[in-house]
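A.B. asks: Below: one structure in structure tokens.
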Amino acid sequence: MARRRRNRLLVPEARDAMNQLKQQVMARQTDDPGASTEEMKSEMADRLGVPYREDGKNGDLKAEEAGRLGGPIGGQMVKEMIRMAQEELANKSR
């Protein structure tokens, strides 16, 4: 049974901004903030003991392993978006 991708953005034009936010969040969690996204994912996977491959052939990853890698990134992205929204609301109320 094929799985549907559920991570479609409601506003497709926001994809670049979301990728930039992801890059910023990942840079804070790695030793080399100037590294590419794939290099950062690989570094984080090494730390977590997840067998991640930079060539994109990660079909053999278990859901738990993928979650251990993606969960902290997504969680930090959500926290950052909430912080940005709160900051924007505070600025509007002035």
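The values are calculated or read from the model by the stated rules, or taken from the named source; none is laboratory data. For clarity, every value in this text was computed on a predicted model and none was experimentally measured. Cβ atoms come from the backbone with ideal geometry, glycine included; neighbour counts cover every protein chain shown.
A.B. asks: In the range 58-94, which residues are of a type in the set (A, V, I, L, M, F, W, C) and in a helix (DSSP H, G or I)?
C.D. replies: Scanning the range 58-94 gives 63, 66, 69, 73, 77, 78, 81, 82, 84, 85, 89, 90.
A.B. asks: Considering only the range 27-46, I want to know if a residue exists there that is modelled with pLDDT of 85 or more and exposed (fewer than 13 other Cβ atoms within 10 Å of the Cβ).
C.D. replies: For the range 27-46, residues modelled with pLDDT of 85 or more and exposed (fewer than 13 other Cβ atoms within 10 Å of the Cβ): present.
A.B. asks: From the set of residues in the range 24-41 that are over 18 Å from residue 75 (Cα atoms) and outside any loop (DSSP other than H, G, I, E, B), which is nearest to the chain's Cα centre (by Cα)?
C.D. replies: 38
A.B. asks: May I pose another question? Identify, please: which residue in the range 47-94 is within 15 Å of residue 27 (Cα to Cα) and of a type in the set (Gly, Ala, Ser) and is, among those, modelled with the highest pLDDT?
C.D. replies: Taking the candidates together, the pick is 75.
A.B. asks: Another one. I'm checking my understanding of the structure. Among residues of the range 24-40 that are touching a residue at least 12 places away in the same chain (Cβ under 8 Å) and acidic (Asp, Glu), which one is farthest from residue 70 (Cα to Cα)?
C.D. replies: Applying the filter and picking the extreme gives 31.
A.B. asks: Within the range 55-90, which residues are charged (D, E, K, R) and either closer than 13 Å to residue 42 by Cα or surrounded by 14 or more Cβ atoms within 10 Å (Cβ to Cβ) (or both)?
C.D. replies: Of everything in the range 55-90, those that are charged (D, E, K, R) and either closer than 13 Å to residue 42 by Cα or surrounded by 14 or more Cβ atoms within 10 Å (Cβ to Cβ) (or both) turn out to be 55, 57, 65, 68, 80.
Condition check ((1) out of contact with any Pro (no Cβ under 6 Å at 6 or more places or on another chain); (2) in contact (Cβ under 8 Å) with a residue 24 or more places away in the chain; (3) in a helix (DSSP H, G or I); (4) under 26 Å from residue 85 (Cβ atoms)) across all residues:
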| residue | (1), (2), (3), (4) |
| --- | --- |
| 17 | yes, no, yes, yes |
| 22 | yes, yes, yes, yes |
| 43 | yes, no, yes, no |
| 56 | yes, no, no, no |
